[in-house]
Amino acid sequence: MIVRNGMVAFLGHDDFDRADLRIEDGRFTGIAQGLEPAPGEEVVDASGLLVFPGAIDPHVHFDEPGFTHREDFLHGTSEAAKGGVTTVIDMPCTSLPPVTTAAAFDNKLGIVEKSAVVDYAFFGGVSGHTVEASLGPGGAGDAGGPAGPGGRGEMAALAERGVVGFKCYFISGMETFTRVTHDDFARIVREAARVGRPVLLHAEDLDYVTAATARIKAARGNGAPQWMDYALSRDEAAETVAVASALALAAGSEASLHIVHVGTAAAARLVAATDATCETCAHYLAFGREDFDGGPGRPARGASLKTMPVVKSRGEADRLWELLAMGDIDFTTSDHAPAQAGEKETGNPWTAYGGIPGTGTMFPYLLSEGYFAGRLSLPRLLEASSSAAARRYGLSARKGSIEVGKDADFVLVDPSATTTLRGEGLFSKGKITPFEGMVFKGRIAATWLRGHPVYDARSRDAAGRPTGGRIVAAPGTGKFLRWGYR
Ligand SMILES: [Zn+2]
């Protein structure tokens, strides 16, 4: 098959190149201008369209098995495909049982492999309940230190299964996946370094947040809780303190540390000064805490904007864009974690579910407000949306860029059209999005996975009538990717 006449975004190139792409057995096998089809070879005309590498969203909560009233793999991966994402990496903490053991990993893979429509990898996790089993006797986390024989804990077993990292929390609202102590964390980072995977940390400081929450609730007394109460209970300092602690605890193994969903520029700068890495999310780039209540020209977003961690002051967003443009923030993720209206719209900022559907919004947002708006160069857009995550999580042999030998994962974008975000149009189970009503420059025309269309915005029924954008791949099309996938 040949994809012809598109303007292709190649990694490292400052601008698009007109090029034809030959695809055989799901991989790019030829890239040149004026490729001639062999007799019978299928040709896809991409005239007038931009061709991007399939985006990678390395932070999603698809909640299966477990909290599938919020999301499952079929809806989550469908929403990803609609937004140009061809690989997702799912978090361990919102599955039941959480993926802290090899047995839980096997159970989860057996369930979700029937339903994914994009490729996927898993993170393992270390919950406060499971630290000793995770480290195992003789692991690097033992008192004996890194010289121990290791290889007998669940982290080692999960690494053998192919997980691409391990998730931990310094503060957790989940009974089924609890926080780890600073002492635990130092040992976990050492064991992760030994088994050759990064540790991903939810970095908010428990001591700070607990005390700030109590103080703010007391000051409010019997008055109705306000959005700003919640936002200020976990402000910039909650994150910066936790990141500084994490870096101190990981000393000597900083390259094994990755900070998830950073919303504070000062925290990102601390990370950038070391060998650790970090990500931010579209919502931290798009919103500030002022948007809960809104103001002139800005709608009140209320519960639709509640995430954990919460968005910071509006000025932080501008600084995060600059850090992303410089590469001090390595890549972007969605932290996709939707919920139904009943859990989201409780009328109380403290109890509303903290999480939003984002995997379908991330790439269209970055493309429009990053690249088209002039905040990100084309090379930085590609790093932030796919290639940096592919490298960080051991997938870059086959994912993350349009190159001969790599999987033919790509997105066709019409740069002359716009996209108006509507929650009701999301393929996710969650329909409540803070991006409601926003207009993005560019429209995804189609998303292809390993040489086959998965999402097609231009699909037509048998009578030739437009059907609207839809998933055109069967559940189970997506495949599981191990660390080192090639
Ligand atoms: Zn998350």
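The values are calculated or read from the model by the stated rules, or taken from the named source; none is laboratory data. Just so it is clear, the structure is predicted and the values come from calculations on it, not from any experiment. Neighbour counts are summed over all protein chains in view; Cβ atoms, including those assigned to glycine, are modelled from backbone coordinates with ideal geometry. Each accessible area value is taken on the protein alone, full model and side chains, heavy atoms only, with ligands, DNA and RNA left out. Shrake-Rupley method; radii C 1.70, N 1.55, O 1.52, S 1.80 Å.
What is the dipole size for the chain, taken about its Cα centre, with +1 at each Lys and Arg Cβ and -1 at each Asp and Glu Cβ, in debye to the nearest 20? Intermediate values should be presented prior to the final figure.
Numbers: 49 positive and 59 negative charges, 84 e Å.
So the dipole magnitude of the chain works out to roughly 400 debye.
What does the charge count near Thr68 come to, summing +1 for each Lys or Arg and -1 for each Asp or Glu among other residues with Cβ under 15 Å from its Cβ? If you can, show how the numbers build up before the last one.
On the way: positive: Arg70, Lys108, Lys114, Lys429; negative: Asp63, Glu64, Glu71, Asp72, Glu79, Asp90, Glu343.
Residues close to Thr68 contribute a combined charge of -3.
Between Asp183 and His69, what length in nm is gained on full extension when 0.36 nm per residue of separation is reduced by their alpha carbon distance? Could the numbers behind the result be given before it?
Numbers: separation 114, 0.36 × 114 = 41.04 nm, distance 3.53 nm.
Additional length available on full extension: 37.5 nm.
Expected output is a single nm value to one decimal: the length gained when fully extending between Gln33 and Arg298, i.e. 0.36 nm times separation in residues minus the C-alpha distance. What is it? Please report the intermediate quantities before stating the final value.
Values: separation 265, 0.36 × 265 = 95.40 nm, distance 4.60 nm.
Taking 0.36 nm per residue and subtracting the Cα distance, the gain is 90.8 nm.
Return a whole-number percent for the relative contact order of the chain, with Cα pairs under 8 Å and 6 or more residues apart as the contact set.
Working: 1220 pairs, mean separation 97.4, N = 486.
The normalised contact order for the chain reaches 20 percent.
Quick one: helix 182-195 against the long Cα principal axis of the chain, what's the angle to the nearest 10°, folded into 0 to 90?
Taking Cα atoms only, the helix is inclined about 40 degrees.
With a sphere of radius 12 Å drawn around the Cβ of Ala251, what net charge do the other residues whose Cβ falls strictly inside it have (Lys, Arg +1; Asp, Glu -1)?
-1
Based on the alpha-carbon gyration tensor of the stretch 1-131 and its eigenvalue square roots a ≥ b ≥ c, which shape applies: rounded if a/c is under 1.5, prolate if not and a/b is larger than b/c, or oblate? Kindly include the intermediate steps, with their values, before the conclusion.
Details: a/c = 2.97, a/b = 2.54, b/c = 1.17.
Prolate.
Cα-Cα over 25 Å: which of Lys217/Lys429; Lys82/Lys114; Lys312/Lys431; Lys406/Lys441; Lys399/Lys429? Don't skip to the end; give the middle numbers.
On the way: Lys217/Lys429 33 Å; Lys82/Lys114 19 Å; Lys312/Lys431 23 Å; Lys406/Lys441 28 Å; Lys399/Lys429 27 Å.
The answer is Lys217/Lys429; Lys406/Lys441; Lys399/Lys429.
For labels at Ala248 and Ser313 in the simple 7 Å Cα→Cβ model, what's the distance in nm?
Between Ala248 and Ser313, the label points sit 2.5 nm apart.
Enumerate the calculated ³J(HN,Hα) couplings along the stretch 359-375 in order (Karplus 6.51 cos²θ - 1.76 cosθ + 1.60, θ = phi - 60°), each rounded to whole Hz, writing x wherever the residue is Gly or Pro.
Per-residue couplings from phi come out as 5, x, 9, 4, 5, x, 5, 4, 5, 6, 8, x, 6, 5, 7, x, 7 Hz.
How large is the accessible surface of Ile216 in square angstrom, using a 1.4 angstrom probe and rounding to the nearest 10?
20 Å²
Of the options Pro415, Pro475, Ser377, report the single residue whose Cα projects farthest towards the positive end of the charge dipole of the stretch 370-486 (beta-carbon charges: Lys, Arg +1; Asp, Glu -1).
Going by the Cα projections, it comes out as Pro475.
Between 0 and 90 degrees, rounded to the nearest ten: what's the tilt of helix 314-326 against the longest Cα principal axis of the chain?
The angle comes out near 60 degrees.
Would you kindly find the accessible area of Leu232, with a 1.4 Å probe and non-protein molecules such as ligands, DNA and RNA excluded, rounding to the nearest 10 Å²?
Its accessible surface works out to 70 Å², give or take rounding.
For Asp15 and Asp328 in the same chain, what is the full-extension length gain: residue separation times 0.36 nm, less their Cα-Cα distance, in nm? Let's see the in-between values first.
Values: separation 313, 0.36 × 313 = 112.68 nm, distance 2.19 nm.
Working it through step by step, the gained length comes to 110.5 nm.
Restricting the count to DSSP beta bridges whose residues both fall in the chain, what percent are antiparallel, rounded to a multiple of 5?
Numbers: 33 of 63 bridges.
Percent antiparallel among DSSP bridges in the chain is about 50.
Pairing the Cα long axis of helix 73-82 with the longest principal axis of the chain, what angle in degrees results, from 0 to 90 and rounded to the nearest 10?
Helix 73-82 sits roughly 60 degrees off the main axis of the chain.
Quick one: dipole size for the stretch 22-120, taken about the Cα centre, charges +1 on Lys/Arg Cβ and -1 on Asp/Glu Cβ, in debye to the nearest 20. Numbers along the way, then the final one.
Working: 6 positive and 16 negative charges, 47 e Å.
It comes to approximately 220 debye.
Please give the Cα centre distance for the stretch 250-308 versus the stretch 399-456, rounded to the nearest Å.
About 23 Å separates the Cα centre of the stretch 250-308 from the one of the stretch 399-456.
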